[in-house]
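Throughout, read-outs are computed from the coordinates displayed, never taken from laboratory work. Just so we're clear, the structure is a prediction, and the values are computed from it rather than from any experiment. Positions of Cβ are backbone-derived with ideal geometry, glycine not excepted, and every protein chain shown enters the neighbour counts.
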Amino acid sequence: MTENAALPDQMSKTYNASEIEQPLYRWWEAGGYFKPTIDPSRKPFVISMPPPNVTGALHLGHAIVSSIEDALIRYHRMTGRPTLWVPGADHAGIATQNVVERELAKEGLTRHDLGRAKFVERVWEWKRVFHQRISDQHRRLGVSCDWDRERFTMDEDLSRAVREAFVRLYERNLIYRGAYLVNWCPRCGTAISDLEVEHEEEDTSLWYVRYWTEEGDKYITVATTRPETILGDTAVAVNPSDPRYGDMVGRKVRLPVINRLVPIIADEAVDSSFGTGAVKVTPAHDPVDYEIGIRHGLPVIDAMNDDATMNREAGPYQGQGRLECRRNLVADLEAMGDLVKVEPYHHSVGHCQRCHTTVEPRISTQWFVRTKPLARPALQAVRDGRIRIIPQRFTKVYYEWMENIRDWCISRQLWWGHRIPVWYCDECGAQICSRVDPTECPDCGSSAIHQDEDVLDTWFSSGLWPFSTLGWPDETKDLDYFYPTSVLETAYDILFFWVARMIMLGLDMTGEVPFDTVYLHGLVRDEEGRKISKSLPDAWRYDPLFVIEEYGQDALRFTLLTGSTPGNDMKLSQSRIEANRNFANKIWQAARFVLGNLDSRASEFVPPAKPLAPGAQVNTADRWILSRYHRLVGQVSRLIDGYQLGEAGRQVYEFLWGEYCDWYIEMSKVRLRDGVQASADAARRVLVYVLEGCLRLLHPYMPFVTEAIWQYLPHRGQALIVAPWPQAGAVDHAAEEEIGTLMELVRTIRNARSEYGVEPGRRIAAIIAAGERLPFLQEQSPVLAALARLDGGRLRLAESPDSIPGKALALVVGGLECYLPLASLLDLERERARLRTDLERLATEIARSEKLLANRDFVAKAPQAVVERERDKLVGYHERRAKLQEQLHNLSS
Ligand SMILES: [Zn+2]
Ligand SMILES: [Zn+2]
């Protein structure tokens, strides 16, 4: 019986997650259990949840983040620390804008048809629907975060934080605007940062093109993978030490088709072994060429429009798409006889992370953050241990990236996002960056000013997340108490996107590290190790909502937590989820057994501080399970504190399933049956005590099934979610050793039984010479008899071996000698008869095989493999015969 309105009155026969999870979650949320109390005398434990994309649907990435963070949160909450988990959602600039643009396309519209204001309004409508959806889906994962503190990166106060951070950096000249080479996505129509470019190996061609000198007397051949960029060339470069071209340097060549004259220059950056050793230089479309261009003062000619169609610089190809232009230009070169050859080529090509379009390196005017001055303190914070990265090997990766960091392009040519807080004066050209929207130019007083069209990179606002969510830049109570946060937990693949930027911005804006620990988990892959994506045919099987419907949230979470180690990818297998669903049900059944044995006296067994009443009849089994449990508590706490979440979960699993269910419950059954009330009550007390404690240990891993069971069991307090974390207690070495021996003895007898094919129902005799263990075995003899299926009447315990029957199986277990009379194991006459029949059958087989192998025709003509197989068979027959003969001999002597 439970009085918890979220649960059925009685425990169902089997654990039914779908009946329990959602009502229980609503009960926790409504009960305010996810909210911290501010206690100035205690250091709080705080996590900012990595905000999911507002338009996204729940996937396994969210599931693993939630599982790890919720486990940490629930653990620390139970240890009594004020614990806060801040949830939120990210406006996800490009991703969201793409989704809404696709929707508009279905209506035959583009964002330009709507105009900026209407379009942004439309995105907000979308946001309202999808934000609710992702928050509700997150609730299905059982996250115990404080929903009243939920934040959205474009909330009014968070937008104010973004603006404050921008203005501060701008005023210190850490933000600047300029024309530089950026990664340009022609599909999204925006610049993207280096990190948003995904490189993939592609098969393409290398085109060898002849450029004639101004005078037309000589030519130089260059190789390129992007012939269309010839139209933006402003030089040809060779290595200064390349003897082939020494006399050419300083001369001019004509670009094919458009005939522009460009110089031949010498630059150390040219690799003489690539192509012909002479390369074309297109500063507007290639990062290496861009650098060469700066060194040699070359003009920068951008031959493309924003959408990667060719512009007027492309002459006859103006208006064509980049690939169309490539085809036409190559055809023209061939017709002119200036295409020397085409070779197959394999190289890495950058793609837009969001839409997968090939990225075009392109010169463009953008906003940048000067990262070097921000990176220095961020490096120092990790070097001096104020921030610890788990696993440690990622520290090196962090150092390398931070030491070689490049300026961060933060402007995006989008409409959805935080608009750059900079205005330009149309009269005097002044640039105004301000915390409040200006109405006139501070320099000349003109009201003809306009705001920059660009918005900020989404990661700019994400970088402020740990403190903007707590109220920064205002000095709020939350910011004062909960900042710096404790742990930043995320997938290792966004270490730079996010973690590095939070550290840089956190230190710069607040003067403090934003968190003291970075915990990086691996990626979840399918059973074959493939990255799980929507394109997999069985992707639906990895949809967390499907898994939760089918197996329950606890099973999914336990699988994710125990299957992963920090920083390593994991394979998610269906069978493990199923096994963990069975584990939930196993604990449920254990609880039903315990409850069934308390009956109406449940209230007498509310777990006391100490499970063994003074002067109570103490059984070694009780001392043993308590010792094992106390040992477990210590280990699990240590492992969780050391972020070894997987190992901690596995140990609770092993203990509950193995020692508690398979051994202690089975041992207790004997005492509950035999009618000695003091012993039975002691067992009841220990059964409840250990189970209740294990529910606490398992709660961070399987919150639903543990809370549900706890509500049915006798307990102290309102809810398991806020019950105190158990304390490790004394270890009882003597009891552990004694019960260890008993378990070994039972296992050995069970093995012997199965080896001799003894029917499970058959009770057998045993004589045990126990030495100094005699009193212990006498105490445990009913248990031993029950577990090893011995006949109590024919179980003889003695200090030393007395009359041992002649035909007996002798087993030696940790200083004990155990004899099982064969006559009690088996019906001797029948067994001897069976062995003889088997031996006769074998003799026939051996004769047949030997005859076959003696046949020269067979050995010469049959395939080698067949002959080999026959020989192996014969060896096997002989081995089997020897074994049967030995068994028969044992039974006869
Ligand atoms: Zn794109
Ligand atoms: Zn002005």
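Points to keep in mind about this one:
- Of all DSSP bridge pairs formed entirely within the chain, close to 70 percent run antiparallel.
- Label zone at ASP203 (point 7 Å along Cα-to-Cβ), backbone N below 12 Å, the stretch 336-380: 344-347
- On the beta carbon distance between ARG834 and SER800, with R0 = 41 Å, the FRET formula returns roughly 0.70.
- Amide H contacts of ALA92 (H built 1.01 Å from N, in plane; Pro and chain starts excluded): VAL54 sit under 5 Å, all sequence-distant by 5 or more or on other chains.
- Sites matching trypsin sites (Lys or Arg not before Pro) across the stretch 111-186 that sit in DSSP coil, with at most 16 neighbouring C-beta atoms within 10 Å: ARG172
- The stretch 473-495 and the stretch 875-893 have Cα centres lying 72 Å from one another.
- Taking 0.36 nm per residue of separation and subtracting the Cα-Cα distance, full extension of the segment from THR476 to ARG370 would add 35.2 nm.
- Net charge over other residues, Cβ less than 11 angstrom from the Cβ of LEU298 (K, R count +1; D, E count -1): -3
- Potential extension, ALA269-ASP538 segment - 0.36 nm per residue separation minus Cα distance: 92.0 nm
- With the highest mean first, a sort of the peptides 66-74, 623-631 on other beta-carbon atoms found within 10 angstrom per residue produces 66-74, 623-631.
- The distance linking the stretch 824-866 with the stretch 710-760 is 47 Å (Cα centroid to Cα centroid, whole angstrom).
- The aspartates and glutamates whose alpha-carbon is closer than 13 Å to the alpha-carbon of LYS883, local same-chain residues fewer than 8 away aside, are GLU755, ASP838.
- The Cα atoms of the stretch 135-227 give a gyration tensor whose axes a ≥ b ≥ c have a/c of 1.5 or more with a/b no greater than b/c, which makes the shape oblate.
- Applying the criteria of a DSSP loop state and at most 16 other Cβ atoms within 10 Å to the trypsin sites (Lys or Arg not before Pro) of the stretch 343-446 yields ARG370, ARG386, ARG406, ARG435.
- Here each label is just a point 7 Å from Cα along the line to Cβ, and for ALA854 and ARG763 those points are 5.5 nm apart.
- Difference of contour (0.36 nm per residue) and Cα-Cα distance, THR439 to ARG177: 92.1 nm
- Gyration tensor verdict on the chain (Cα atoms; rounded if a/c is under 1.5, prolate if a/b is larger than b/c, oblate otherwise): oblate
- Partner lysines for LYS477 [C-alpha distance under 26 Å; skip if fewer than 8 residues away on the same chain]: LYS35, LYS43
- Cut-off 12 Å (backbone N to label point 7 Å along Cα→Cβ of MET336), residues of the stretch 252-284: 254-261
- Global geometry of the stretch 72-224, whether rounded, prolate or oblate, following the gyration tensor of its Cα atoms and the 1.5 cut on a/c: prolate
- Sites VAL618 and THR79, calculated FRET efficiency, Cβ-Cβ separation with R0 30 Å, nearest 0.05: 0.50
- ASN582/ALA865 FRET efficiency (R0 41 Å; Cβ-Cβ; nearest 0.05): 0.45
- Ellipticity estimate at 222 nm from DSSP helix runs (n ≥ 4, -39,500 (n - 2.57)) divided over the chain, nearest 500: -13500 deg cm²/dmol
- Residues of the stretch 537-577 with an amide N closer than 12 Å to a point placed 7 Å from the Cα of LEU523 along the Cα-to-Cβ direction: 569-570.
- All lysines inside 30 Å of LYS106 as judged from Cα atoms, apart from same-chain residues fewer than 8 positions distant: LYS118, LYS127, LYS534
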